[in-house]
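Asks: To start, I am sharing the structure in question, which I have written as structure tokens.
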Amino acid sequence: MAKVIIFGTTLSAELAHFYLKYDSEHEVVAFTVEKEYLKEKEYKNLPVVPFEDINEIYPPEEFQLFAPMTELKMNRVRERIYNEGKAKGYKFISYISSKATVFPEAQIGENCFILEDNTIQPFTSIGNNCVLWSGNHIGHHGVIKDHVFFTSHVVLSGRCVVGNNCFIGVNATIRDGAVLGEGTLIAMGANLTKQKTEPWSIWKGNPAVAANISSKDIKI
């Protein structure tokens with residue numbers, strides 16, 4: 001069991017608090033946000049403290065962090081907060097739902113938020129700072145790198161490699177053995193039949209085709 005500070009006071013943080021309270025052994029003791037967003041001193045009957053000053057209040061030798069943030073700017077905002085937390089000396093917990101199916105030979109990094117009804121098959125590797133919302137199928141011998149966001153009901157077939165900072169939309173399907181370049185966005189309902197995607201590309205449709213803009217240029 002760890003004493004945990006959750007980053008944020010948004011809906012994602014509220015969900016994280018709920019899951020940790022009712023489906024983990026961890027104890028949430030506080031929330032933290034950056035000073036410019038600090039508008040309340042209490043959330044869920046717990047203190048909210050400035051992220052910039054967190055070391056002085058909750059030292060990393062005694063407390064751990066959890067930053068279950070959204071996909072804003074292709075996960076780069078969550079990546080920044082994760083890296084800043086590591087630089088401050090903190091370890092991050094991961095939350096894996098008791099209602100997810102995770103086989104023993106799967107490997108999962110830290111600061112991952114894996115919700116109910118995910119099926120993670122054997123010999124799968126999931127990196128750090130990844131979010132898998134509910135109901136996904138993660139195929140065998142797959143590699144999901146860091147700072148990735150899966151929404152819901154995604155099918156990732158076997159032997160795929162998902163690069164850093166990818167985003168996979170609701171009900172998307174990705175063919176077996178596909179290699180997604182860094183920052184790839186697979187749109188909602190897309191059916192990716194290509195073997196490889198270019199970094200920071202956007203794919204949509206069935207079969208999916210590449211859009212003529214970069215995923216760096218969109219708001220999510």
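Just so it is clear, none of the values below were taken in a lab; they were calculated from the coordinates. Note that the coordinates shown come from a computational prediction; the quantities given were computed from them, not determined experimentally. A quick note on method: Cβ atoms are made from the backbone with ideal geometry, for glycine too, and the neighbour counts reach across all protein chains shown.
Asks: Counting alpha carbon pairs within less than 8 Å and at least 6 residues apart, what relative contact order, in whole percent, applies to the range 95-207?
Replies: With pairs under 8 Å counted, the relative contact order is 16 percent.
Asks: While we're looking at this one, here's another question. Roughly what angle does helix 11-23 make with the longest principal axis of the chain, taking Cα atoms, 0 to 90 degrees, to the nearest 10?
Replies: 80
Asks: Could you list ILE114, ILE174, ILE220 in order of exposure, starting from the residue whose Cβ has the fewest other Cβ atoms within 10 Å?
Replies: Least crowded to most crowded, the residues run ILE220, ILE114, ILE174.
Asks: Next question. When averaged across all projection directions, what area in nm² does the alpha-carbon convex hull of the chain cover?
Replies: Its Cα hull, projected and averaged over all orientations, spans 11.3 nm².
Asks: Report for the chain the percent antiparallel among DSSP-assigned beta bridges with both residues inside it, nearest 5.
Replies: Counting only bridges with both partners in the chain, antiparallel ones make up about 10 percent.
Asks: Local charge sum around LYS3 (other residues, Cβ-Cβ under 12 Å, Lys/Arg +1, Asp/Glu -1)?
Replies: My count for the surroundings of LYS3 gives -3.
Asks: Then there is this: Can you put MET69, MET188, MET1 in order of Cβ neighbours within 10 angstrom, beginning with the fewest?
Replies: Starting with the residue having the fewest Cβ neighbours, the order is MET1, MET188, MET69.
Asks: Based on Cα positions only, what radius of gyration and what Dmax would you give for the range 36-151, in angstroms?
Replies: 15.5, 45
Asks: Do any trypsin sites (Lys or Arg not before Pro) in the range 18-57 lie in a loop, going by DSSP, with at most 13 other beta-carbon atoms within 10 Å of their beta carbon, and if so which?
Replies: Answer in residue order: LYS39, LYS41.
Asks: Relative contact order for the range 47-149 using alpha-carbon pairs under 8 Å, separation at least 6, rounded to a whole percent?
Replies: Relative contact order here is 21 percent.
Asks: Per the Kirkwood treatment, what hydrodynamic radius in Å, one decimal, follows for the range 72-111 from the mean inverse distance over all distinct Cα pairs?
Replies: Radius from the Kirkwood sum: 12.1 Å.
Asks: Select from TYR82, TYR19, TYR37 the residue whose mean-square fluctuation is largest in a Gaussian network model of the chain (Cα-Cα springs shorter than 10 Å).
Replies: Fluctuation is largest for TYR37.
Asks: For the cross-link pairs LYS73/LYS216; LYS145/LYS196; LYS39/LYS91; LYS99/LYS145, which exceed 18 Å when the distance is taken from alpha carbon to alpha carbon?
Replies: The pairs that break the limit, which is 18 Å between Cα atoms, are LYS39/LYS91; LYS99/LYS145.
Asks: So how strong a dipole does the range 1-153 carry about its Cα centre when Lys and Arg Cβ are +1 and Asp and Glu Cβ are -1, to the nearest 20 debye?
Replies: 280
Asks: What 222 nm value per residue comes from the helices of the chain, counting each DSSP H run with n ≥ 4 as -39,500 (n - 2.57) and dividing by all residues, nearest 500 deg cm²/dmol?
Replies: Computed mean residue ellipticity for the chain: -4000 deg cm²/dmol.
Asks: List the extent of the Cα atoms of the range 101-220 along each of their three principal axes, largest first, rounded to whole Å.
Replies: Cα extents, longest axis first: 41, 25, 20 Å.
Asks: Compute the signed sum of charges (Lys and Arg +1, Asp and Glu -1) over the other residues within less than 11 Å, Cβ to Cβ, of TYR19.
Replies: Summing Lys and Arg as +1 and Asp and Glu as -1 gives -1.
Asks: With axes computed from alpha carbons, what is the tilt in degrees of helix 76-87 against the longest principal axis of the chain, rounded to the nearest 10 within 0 to 90?
Replies: 50
Asks: Positive end of the charge dipole of the range 95-207 (Lys, Arg +1 and Asp, Glu -1 on Cβ, about the Cα centre): tell me which of SER152, GLY189, TYR95 has its Cα farthest that way.
Replies: GLY189
Asks: Rounded to whole Å and sorted largest first, list the principal axis extents of the Cα atoms in the range 124-163.
Replies: 20, 20, 12
Asks: Test of understanding: ordering ASP176, ASP217 by Cβ neighbours within 10 Å, fewest first, what list do you get?
Replies: Fewest to most other Cβ atoms nearby, the residues stand as ASP217, ASP176.
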